[in-house]
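Undergrad: Once you've had a glance at the structure underneath, I'll fire off some questions.
Read-outs throughout are calculated quantities, based only on the coordinates presented, and are distinct from any laboratory measurement. Model, not experiment: these values are computed from the prediction. Counting neighbours? That spans all protein chains shown, and the Cβs are built from the backbone with ideal geometry, glycine included.
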Amino acid sequence: MSFTSWPFGIFAAMVFAIYYLPAFRAYQVQVLVAASLVFYGYGQPELLPMLALAVLGTYLLLSLALERGGIWLAAGIIFNLALLGFFKYKFLFFAPPALSGNGAVDFLLNLPLPIGISFFVFHNISLLVDLTRQKSPRPALASVFLYIIFFPQLVSGPITRAQMFMPQIAPKHIADVAFIDAGKWILTGYFFKLFVANNLNEMTALMAFPLSETLQTQDRWLLVFLYSYQIYADFFGYSAIAIGLALLFGYRLPINFNLPYISQSFAEFWTRWHISLSSWLRTYLYIPLGGNRRGRFRTYLNLIIVMGLGGLWHGAGISYLVWGLGHGALLAVERPFLGRLQSIDFVGFRIARMTLVFVCVSLLWIFFKLPDFHHAWSYLTGMFTPTANPNPTKLFYNLALIYSLPVIVQHFVDLRSLIERRLPALEPYLYGVLAALTYLEAGPETAFIYFQF
């Protein structure tokens, strides 16, 4: 069930109404768990047993880890990584459909990739590590289910750490709901997804092979930047909707984006882009590997390893690995010079750094957009060679600017803060315009990009 579908709107309204009924106040957690199972199983009910296995297995191993110590914590982490590895990376070793003649084996090999498996596996690991380190009492099974499968964040995050979410599990009252903040988040999210990302997708679809072979060289460059805006609008939009929905049910999720395209270093970019993933990788992978505590070489190696694994987390393909390793290499190369670069403080130099980061990040998005490495490499090399096609596909540059403008304005003009502080009377009109554009000029329906992860 997609956030942008009418069935989801009906579903969310019904859950909200039931959730705050006085008769269900003692069962609010159970209501959200049941709603999350319906949300996840909608259209693919065969995935529910696997989801239940992941949660119940994690809960059992967490109970053992809390009672008996570290070996069970390791077992819990291995259990979850094995689930992720089997479903996401099995075809690195078995060519589909890889039928063996054994009915049970063939059934397992042909199971579909569970939607959002990367996100709920990361939640499982956070739960295991955080509660074991804190030596917390064993939580209720319903609370564990809610933390792992809370439907606003189930499919594409934000990745919420257990130590942040679990303390929020308590009775909620409709009088405490931040309706205005929730509405602003939800409307902003739908605007960026439907108006910006979906319309840009109509153009960036030309990046796919063989359509890309008809493009002019300058249009290849334009589409790369448009995809940077699209993937930001798509993922920021999803995260904003998730944050707003969670607020309606009395829960606060972490902010996942903070204007990443104004970053002046690659390190800063990863404190602004997909913040919950960056924080997870730093806490549960980079620091355990030694972080920056074992000398320069080991620090650089850890950065490359973590980002390479982060790339593979997105998908089992060379393109994703190249994307991750590329970011790791950029982080490692810039690290010795960060202090010196940050000490040079004048506008022109800051703009140059910002431009360099944006261009490099955008070029690496090619490997994210095109999972086939040969297609991605062909597209990239074509950006540096003259066009030979006598009848190239032409883009509508005015539409490209119109659909990109909200991302550009958001990054360089704090319009929301400006209106709230100085022109509050205009705020309803601003959100009215967003709502009108979202409804009247939404692009063709497309799934959220991060649904595939």
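Undergrad: Report the calculated FRET efficiency for residue 110 and residue 64 (r = Cβ-Cβ distance, R0 = 35 Å), to the nearest 0.05. Mind dumping the intermediate values first?
TA: Details: r = 32 Å, r/R0 = 0.92.
After rounding to 0.05, the efficiency reads 0.60.
Undergrad: Under 28 Å between alpha carbons: how many lysine pairs meet that in the chain, if sequence neighbours fewer than 8 apart on the same chain are excluded?
TA: 9
Undergrad: Also, I was wondering about something else. Hey, rough spin-label estimate for residue 411 and residue 282, points 7 angstrom out along Cα→Cβ, what's it come to in nanometres?
TA: 2.1 nm
Undergrad: Describe numerically, in nm with one decimal, the distance between label points set 7 Å from Cα along Cα→Cβ at residue 52 and at residue 175.
TA: 3.9 nm
Undergrad: At a Förster radius of 56 Å, what calculated FRET efficiency corresponds to the Cβ-Cβ distance of residue 391 and residue 421, to the nearest 0.05? Provide the component values of the computation, followed by the final result.
TA: Numbers: r = 52 Å, r/R0 = 0.93.
Working from the Cβ atoms, E equals 0.60.
Undergrad: If you average the sequence gap of Cα pairs under 8 Å that are 6 or more apart and divide by the length of the chain, what percent do you get for the contact order?
TA: Values: 561 pairs, mean separation 85.8, N = 453.
The normalised contact order for the chain reaches 19 percent.
Undergrad: When the distances between all Cα atoms of segment 374-436 are binned every 5 Å from zero, what whole-number percent does each bin get?
TA: The calculated distribution, bin by bin, is 3, 12, 12, 16, 13, 11, 7, 7, 9, 7, 2.
Undergrad: A further question on this structure: So what is the 222 nm mean residue ellipticity for the chain from helices alone, if each DSSP H run of at least 4 adds -39500 (n - 2.57) and you divide by all residues, rounding to the nearest 500 deg cm²/dmol? Provide the component values of the computation, followed by the final result.
TA: Details: 22 runs with 289 residues, N = 453.
It comes out at -20500 deg cm²/dmol, rounded to the nearest 500.
Undergrad: Can I ask one more? Could you tell me the distance between the Cα centroids of segment 31-93 and segment 158-184, to the nearest Å?
TA: First find each Cα centre; the distance between them is then 24 Å.
Undergrad: Across segment 257-311, how large is the tail of the calculated P(r) beyond 13 Å, expressed as a percent of all Cα pairs? Present the calculation step by step, with values, prior to reporting the outcome.
TA: Numbers: 893 of 1485 pairs.
Pairs farther apart than 13 Å: 60 percent.
Undergrad: Moving on to the next point. May I ask you to order 158-164, 418-424 by the average number of other C-beta atoms within 10 Å around their residues, highest value first? List each step's numbers first, then the result.
TA: Working: 158-164: 21.3, 418-424: 11.3.
By packing density, highest mean first, the sequence is 158-164, 418-424.
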